[in-house]
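Working notes, beginning with the structure itself.
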Amino acid sequence: MTTQIAAWESVGDQRAVFLACYLRMTDNMILGVANGRFHDPAWVGDLIHNFAGYYFTAIEAYDHAAVDLPVVWQYAFDLAKEPTTPLIKHLLLGINAHINYDLVQVIADMLEPEWSDLSPAGRRLRFDDHAMVNVVIGETIDRVQDEVVAPYARLMQFVDLAAGPLDEWCTARLIRNWRTDVWSQAITIVNTSDLPTRLTLRRETDAIALSRVRLMLDGGALGARAFGYPLRWLRRLRMF
């Protein structure tokens with residue numbers, strides 16, 4: 001991550017903004033594993049690495065114009081090239097793609113081989129570790145704000161930080177709401193016995209994440225707020 005950030009910063013590639021935030025959060029996750037904050041540190045360690053693997057696969061696919069790049073990442077990377085895209089939108093688009101697409105895939109990948117053999121207590125421990133990630137990431141928000149958002153905002157001349165407080169969005173909406181949705185989507189995939197249906201459900205996560213992008217970009221003030229709502233709210237409001 002550090003190497004990629006340096007390479008992007010050297011050529012003014014604004015994808016460095018999201019990755020610099022992601023690096024801080026990954027640092028905190030690795031520290032959390034080392035400090036015994038998770039029931040199964042080996043499983044969480046694998047999750048950290050597999051999660052990052054999806055992100056770097058998306059980078060490679062984008063840079064080589066691969067046809068299998070998720071559309072939600074295509075949008076995020078394209079808009080990162082636009083100098084007028086507000087800084088906070090850079091971050092939110094990256095967070096949206098990485099959580100609402102990549103994380104569903106990773107959790108499904110890791111749970112599919114073991115889910116039927118896990119006891120109810122074992123399944124609960126998996127979920128508890130997933131939920132603890134929310135706490136660890138939430139503790140990283142101030143560091144991200146101070147070390148990434150503020151310096152990049154000055155560098156990119158985004159005087160108003162472009163759209164409101166990062167901590168409100170990330171802690172109150174993005175992290176808690178989205179990661180709850182992610183777990184539900186992944187468990188639905190894992191519990192689906194028919195392979196074609198499982199593959200369809202995996203593909204649909206790209207469409208769901210993309211729908212959030214359209215809410216933020218095209219939905220006006222309400223869409224910008226609803227972008228972070230849980231799926232059940234969006235369906236109830238008929239915004240999806």
Note on the chain: contact order normalised by length, alpha-carbon pairs under 8 Å, 6 or more apart, percent, works out to 24
Note to self: with every protein chain in place and a 1.4 Å probe, the chain gives an accessible area per residue in Å² of 48
For the chain, the dipole about the Cα centre with charges only on Cβ (Lys and Arg +1, Asp and Glu -1), to the nearest 20 debye, works out at 920
For 109-122, 71-84, 195-208, ranked highest to lowest by mean beta-carbon neighbours within 10 Å, the order is 71-84, 195-208, 109-122
With all protein chains present, the chain has a carbon and sulfur share of its accessible area (1.4 Å probe) in percent of 56
Most fluctuating of L93, L210, L23 in the GNM of the chain (C-alpha, under 10 Å) is L23
Counting only backbone N atoms under 19 Å from a point 7 Å out along Cα-to-Cβ of T200, the residues of segment 86-128 in range are 105
Going residue by residue through segment 186-195, the Karplus relation 6.51 cos²θ - 1.76 cosθ + 1.60 with θ = phi - 60° gives ³J(HN,Hα) values, rounded to whole Hz and with x marking Gly or Pro, of 5, 5, 4, 4, 4, 7, 8, 7, 7, 4
With -39,500 (n - 2.57) per DSSP H segment of 4 or more residues and division by the full residue count of the chain, the 222 nm estimate, nearest 500 deg cm²/dmol, is -20500 deg cm²/dmol
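The values are calculated or read from the model by the stated rules, or taken from the named source; none is laboratory data. In this text, all values refer to a predicted model and were calculated from it rather than measured experimentally. Positions of Cβ are generated from backbone atoms using ideal geometry, with glycine treated the same way; all protein chains shown enter the neighbour counts. Accessible surface areas use protein heavy atoms only, side chains included; no ligands, DNA or RNA. Shrake-Rupley method; radii C 1.70, N 1.55, O 1.52, S 1.80 Å.
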